[in-house]
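Student: Quick one: the structure is below, and I'll ask about it shortly.
The values are calculated or read from the model by the stated rules, or taken from the named source; none is laboratory data. Computed from a predicted model, the values in this text were never measured in an experiment. Cβ placement follows ideal geometry from the backbone for every residue including glycine, while neighbour counts extend to all protein chains displayed. What goes into the accessible areas is simple: the full protein's heavy atoms, side chains included, and nothing from ligands, DNA or RNA. Shrake-Rupley method; radii C 1.70, N 1.55, O 1.52, S 1.80 Å.
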Amino acid sequence: MKLLTFRTLHVLRLSGRGCLFLGTTLGVLVLGTKARADDDIVSKMEQEMSRLQAAQAHVQEEQRAINHDMAVLKAEIARHHASGSSASHASASHDGQLAAARPDARTDLHAEHGERITTASARRHGLKTAEAPQFTATPGEMTATAGAEPVRGAVARRDRVSLSPTGRGVIDTDKGSELAVVGHRAEDVLVHFAENGVGPHPRETLGAQSAGAVGDHGVFHLGPVTLMLGGFVDTAAVLENRHVASDTFNYWQDMPYPNEPRYHTNNFDGGARYSRLSLLARGNINSEATISGFFESDFGAGAVTTDPYESNSYSFRLRQAYLAYDDNKEGWHFLGGQAWSLLTPGRAGIVARQESLPETIEASMLAGQTWSRQWQVRIVKDFFHHRLWTGLSIENPATLYDTTGFSTSNGAVSMPNGSTVTIGENGVGLTNDTANFSNEIAPDVIGKVAYDPVWGHYEMEGILHFPHDRVTMGNTGHNNTAIGGGAGGSMILPLIPGKVELRMAGLAGWGINRYGSVLLPDATLKANGSPDPLFGVQAQAGIIAHPNPRIDVYGYFGTQRVGHSYFNQNGSSYGYGNPGYSNAGCLQELSALSCTANTRGVSEVTLGAWWRFFKGKFGTVEAGTQLAYARRQIWSGIGGDPHTSMSQIFFDFRYLPFQ
């Protein structure tokens, strides 16, 4: 009995120890699990606290951005009230539908269309709003950068406007500061166009300079009129393997064949004649309407007394001079004066000084480029919040006649049937007495439609031209009028918005070849003396890259070609591209045989780059170089149709004090 009791107690003692061990183990496991759970909770709480702190910092940054936006607007309201201007709309230039902006706040000028101010906060949250082109503010300048994401922070805000210590206002440290620029002129910057990835020209690029952009330095206010200066000092040079005495302006039809000694020699030429000055004056009629005038000139003209031996005294010449009226509420725009032709491709709506021009150094731009600067009266209407634009222009006419085979004197052409055809007259009075001014009965009529959807810029245009002459036989005569014209189009495709874009343009028709850089003939004469418009086609395509804000790289191909029309009478050949003309002497130096060489077409391929190596409050200094290869083809005649070519390298330095 005692033994049983002892064994029982021993078993119970062992069982108690086991239970105690088991309980202890379970307690440790439970406590460990609870501790781990507590650690997880603490970790999650710490993560949540970090997230809330980050969100708090984000909200604080948003609040600072909103305060800055409100301070800028309050300052502008006060400034406009002080000057008697409306606070609802920034001043608009003749370009029409312009937007005032700063690096982190872009303002749309058309509140009645439902647009609104887009703050930095809204952009960071990805809110979709109607936006103007974005900007990157560099010292003393405000540059529109199409489709570029704005750089934020103290480094990016290098303008001379900052938030006051109280956070309730802005410090405007200089009359030329960004605030003054935004508040009083925003030309060359249009609303909405950042959305299609194209946008206006950045002011300091060569395309903008060619079109006539003014700078954001040199802004003056004379009462209700704002004056803005533009231009640059240019020093360019060219080295070529043929001698063509046209400086950095390519006159491709003078490209020599081997029969001329200048085919066999290199040529270097340089000058500063394409330095430029420009002035834009603008006044606000009311909060919705503006009137402006633009003037641009350089020294590209060669006077009779100009020589390359001593003074190099090139003449001051007119490039552009026009007035413009814009009603921003109704979308009507008027322009009158000398400006880029409506046929010239554009890059933003139908707006003066937003033409799409190549970045090349050569003053003739590019073979196949469509352009002209001439007198015109233009009316434009925009629709659908400035997405669709239509324009109609009447422009100064001219006809380039080719009179190969005929005898001519002061615009009078002797025909083989004994009649005399008057196609024009050499200049008299204040016009060039060595140039023939064609007889024109009506202006050129040009229409254009431009469209800016969510991606790219697209245009279609058409033109009517009316070559006119008078045929006299004996003591009587009659007038002849032909109908020429054509159509074309252009597009800009932002392959990488703000970085890489593809440009294409073309034009084809009869009697309109003078609108191309090569200046091929518009017309010749029929056997009865009436004008005979020649068919022509011109086209160009290019890729333009902006690896960073200081470098532009480009490559273009362009071509312009013309048809032929001719007749034979009394054993002689007349007209343009007649196969009876002799090209037999084109390939032998100083050959006694003829080389008529009626040009059939010119093609060019070119590569180049620009580097803005200095940018500061004193302006911009940039350097560029360009390689070009051009080939000239002629219509076949006796001896065949040999071709010729020319290679060139261009160098250029420019100082832009107002950019």
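Student: Please compute one quarter of the surface area of the Cα convex hull for the range 561-659 and express it in square nanometres.
Tutor: 9.5 nm²
Student: Using a probe radius of 1.4 Å on heavy atoms only, what accessible surface per residue do you get for the range 504-561? Whole Å² is fine.
Tutor: Roughly 32 Å² per residue, with all protein chains present.
Student: Once the convex hull of the C-alpha atoms of the range 250-305 is built, how many Å³ does it hold per residue, rounded to a whole number?
Tutor: Per-residue hull volume (Cα only) is 163 Å³.
Student: Follow-up question, since we're still on this one. Which value, in Å² and to the nearest 10, is the accessible area of His333 when all protein chains are kept and the probe is 1.4 Å?
Tutor: Roughly 20 Å² of His333 is accessible to a 1.4 Å probe.
Student: Binning at 5 Å from 0, report for the range 219-348 what percent of all alpha-carbon pair distances ends up in each bin.
Tutor: Each 5 Å bin holds this share of Cα pairs: 2, 8, 12, 15, 15, 13, 10, 9, 6, 5, 3, 2, 1, 0.
Student: So what's the range 329-371 giving for Cα Rg divided by 2.2 N^0.38 Å, two decimals?
Tutor: 1.35
Student: Ignoring everything but the protein chains, give the 1.4 Å probe accessible area of Thr390 in square angstrom, nearest 10.
Tutor: That residue has around 50 Å² of solvent-accessible surface.
Student: Gain in length, Ser311 to Asn286, computed as 0.36 nm per residue apart minus the alpha-carbon separation, to one decimal in nm?
Tutor: Answer, rounded to one decimal: 4.1 nm.
Student: Which of the peptides 488-494, 418-424 is most tightly packed, and how do the rest follow, going by the mean number of other Cβ atoms within 10 Å of each residue?
Tutor: 488-494, 418-424
Student: Can you give the translational diffusion coefficient of the range 219-289 in µm²/s, computed by Stokes-Einstein from the Kirkwood radius over Cα pairs at 20 °C and 1.002 mPa s?
Tutor: Answer from the Stokes-Einstein relation: 135 µm²/s.
Student: Given 0.36 nm per residue, what is the gain on full extension from Glu62 to Leu607 after removing their alpha carbon distance, in nm?
Tutor: So the extension gain works out to 191.7 nm.
Student: For the range 494-574, compute the orientation-averaged projected area of the C-alpha convex hull (one quarter of its surface), in nm².
Tutor: The number I arrive at for the range 494-574 is 6.8 nm².
Student: Bin width 10 Å, origin at 0, all Cα-Cα pairs of the range 507-636: what percent of pairs per bin?
Tutor: Final binned percentages: 11, 28, 25, 18, 11, 6, 1, 0.
Student: Taking a quarter of the surface of the Cα convex hull of the range 296-395, what do you get in nm²?
Tutor: Mean orientational projected area (the range 296-395, Cα hull): 8.0 nm².
Student: Right, another one. Quick one: grab the alpha carbon gyration tensor of the range 442-592, order the square roots of its eigenvalues as a ≥ b ≥ c, and give me rounded if a/c is under 1.5, else prolate or oblate depending on whether a/b is larger than b/c.
Tutor: Oblate shape, in that a/c is at least 1.5 and b/c is the bigger or equal ratio.
Student: Also, quick follow-up: Carbon-plus-sulfur fraction of the accessible area of the range 540-628, 1.4 Å probe, in percent?
Tutor: The computed percentage sits at 63.
Student: Using the eigenvalues of the Cα gyration tensor, what equivalent ellipsoid semi-axes result for the range 388-526 when each is taken as the square root of five times the eigenvalue, whole Å, largest first?
Tutor: 39, 15, 13
Student: With every protein chain kept in place and ligands, DNA and RNA left out, what is the accessible area per residue of the range 321-473? Probe 1.4 Å, answer in Å².
Tutor: Using a 1.4 Å probe on heavy atoms only, each residue of the range 321-473 averages 37 Å².
Student: Gap in Å between the Cα centre of the range 621-644 and the Cα centre of the range 328-377?
Tutor: After rounding, the separation between the Cα centres reads 26 Å.
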